[in-house]
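The values are calculated or read from the model by the stated rules, or taken from the named source; none is laboratory data. Every value quoted in this text rests on a predicted model; they were computed, and no experiment measured them. Cβ: placed from backbone, ideal geometry, glycine included. Neighbour counts: every protein chain shown. Please note that ligands, DNA and RNA were not included when accessible areas were found on the heavy atoms of the full protein model with its side chains. Shrake-Rupley method; radii C 1.70, N 1.55, O 1.52, S 1.80 Å.
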Amino acid sequence: MGLLEVSVTDIKPPAPELGPMPDGLSPQQVIRRHILGSIVQSEGSYVESLKRILQDYRDPLMESEPKVLSARKCQAVFFRVKEVLHCHSMFQIALSSRVAEWDSTEKIGDLFVASFSKSMVLDVYSDYVNNFTSAMSIIKKACLTKPAFLEFLKRRQACSPDRVTLYGLMVKPIQRFPQFILLLQDMLKNTPRGHPDRLSLQLALTELETLAEKLNEQKRLADQVAEIQQLTKSVSDRSSLSKLLTSGQRQLLLCETLTETVYGDRGQLIKSKERRVFLLNDMLVCANINFKPASSRGQLEISSLVPLGPKYVVKWNTALPQVQVVEVGQDGGAYDKDNVLIQHAGAKKASASGQAQNKVYLGPPRLFQELQDLQKDLAVVEQITLLISTLHGTYQNLNMTVAQDWCLALQRLMRVKEEEIHSANKCRLRLLLPGKPDKSGRPISFMVVFITPNPLSKISWVNRLHLAKIGLREENQPGWLCPDEDRKSKAPFWCPILACCIPAFSSRALSLQADEDISALGTGEQAWDPGQINSPRRLADGQ
């Protein structure tokens, strides 16, 4: 794997230690010494945690007879921990030398650049991060099936001085570079311009932020694979959805916890529940979330050692081409004013008056009703104002000044209500989905409304849905293959997708096509970025 085993002496190098603070230091120099002390202390604690993983967990498991955990599973669980320790042991040796001469040099940034800009560090950490979810899965399964392994973990935690679990130790490598970045940011803030350490600190921050970004992306992709596996476990093995999820052709593009809302006839909130929504490359899946652990004592003990994660119960799934995003005012006012009345797939037959017996109001109808009431009141007050203007006498609290104040107050309340509705719509994602046909065979659609955590989340969902549909077009199947740096073919959806063909010398055609893409991607004035529609490549990168 590009890593060589090297023999090192058993003599431990001296731990990094700052000497006594000399006199005459400036306030910034004092702060920089304290930050260096934090770096030394946190690095020492981190190295000790890595040693504990190997000495307290891996080695006893490998040497135990009979085997509590097979050698193959031990290697899978503790994959690359030793190499991570080697990287930081070398860094600690260099750090010890630099700390010893700190008062004469006051440089630390170049040490970070030299230690963590090597490709070996990225390779080792990438392997560890990519394997982390799989390692936790092996530990969870072993806890459930091997009581001896569960007892081993409990004993080790009880014997540890800080009662940190194996999971708590193994998650530290994932958190290490963000900690480094925070410490170096503080160091840079207290490094004056012209200082010999300032440029190297900036370079070190750039290197570490790039490394952390790559690792975060790999962790995100690994988590997405784990989410699909968790979703697959919640589906019956004989169901068609299970076959689709296990076919290996599904890619998770977006996964988030959204709040589904349903309102009553008078605008009151009937139901509000969190759902886990999965956007795959060709389907949309909505599931209920069950965070409660099993009632058995064994499950509770396991959850205290390693997170078990939520369990999902699939509520519905729909092919992506049949999913339609509905915005306020769309389709000639059919959904105008965010007060929608739709018959569910399982609704009873409509009554003679043509009204569906199973009614569900979607959107913020209470706010809209309050706005309508204010509009009616304003119309009445305007009529009263006209009548007051015809009075011949003078009466206290019944004159044009008071009437105009009433009008201005109502107008202010209307503006506030409109802003509330607009704010609610920024986080409200409406999806029109196909339901089961009625008895006569006519298709019936139903709508679900989700509240996203923030407006940017809604924009992301709308854009991802649009791009996923573009990716399903015939001209984008199976996709454009682009070899990456490792000469491995990326998954088709992560390749550039052909959004549209535009004549190169027709400005009118270019403008019309750009308008169409903007309207498809847009969800309000903040919904699109002009930089995302310059070319199919840029559009694909916007995913």
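In this structure the amide hydrogen of residue 438, modeled in the peptide plane, comes within under 5 Å of the amide hydrogens of 444, none closer than 5 places in sequence on its chain.
Each residue, residue 271 and residue 114, gets one label point 7 Å from its Cα in the Cβ direction; the gap between the two is 6.4 nm.
Suppose a student asked you for the relative contact order of region 89-228, using Cα pairs under 8 Å spaced at least 6 residues apart; what percent would you report?
Working: 77 pairs, mean separation 55.2, N = 140.
Relative contact order comes out at 39 percent.
Counting Lys +1, Arg +1, Asp -1, Glu -1, what net charge surrounds residue 136 among other residues with beta carbon under 13 Å of its beta carbon?
Working: positive: 73, 140, 141, 219; negative: 223.
Residues near residue 136 contribute +3 overall.
On a 31 Å Cα-Cα criterion, which of the cross-link pairs 118/140; 243/469; 140/469; 219/417; 214/315 come out too long? Pairs exceeding the cut-off: 118/140; 140/469; 219/417; 214/315.
I'd like to check one number: the per residue accessible area of region 369-477, probe 1.4 Å, reported in Å² as a whole number.
Accessible surface, normalised per residue, equals 60 Å².
Under 18 Å from a point 7 Å along the Cα-to-Cβ line of residue 104: which residues of region 188-213 have their amide N that close? Inside the label zone: 196-197.
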